[in-house]
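Colleague: Here it is, the structure in full.
The values are calculated or read from the model by the stated rules, or taken from the named source; none is laboratory data. All values derive from a computational prediction rather than experimental measurement. Each accessible area value is taken on the protein alone, full model and side chains, heavy atoms only, with ligands, DNA and RNA left out. Shrake-Rupley method; radii C 1.70, N 1.55, O 1.52, S 1.80 Å.
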Amino acid sequence: MGRKAMTVAQLHNQYVSIAGWDVYTREATSGYIRRTIKPALGPTQVRKVSPAAAHRSRSLKSYIMALAEL
């Protein structure tokens, strides 16, 4: 049986743990993600996030691009 596809929320949780952000950046970014990104894309499998979804806002695009580089 293959590995289960990772969701955007799961990838975010992994990314935050290794991002090396200072406390303020971690709190501010995590708050934004918790309020904005996770409700919209959290349950979506990372491989199914479309370019259109990633381009909805500059912040969302930057976040998705950073996740994709992991």
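Colleague: For Val46, Val16, give the ranking by accessible area with the largest first, probe 1.4 Å.
Modeller: Val46, Val16
Colleague: Going from most exposed to least, what order do Val49, Val8 have by accessible area with a 1.4 Å probe?
Modeller: Largest to smallest exposure gives the sequence Val49, Val8.
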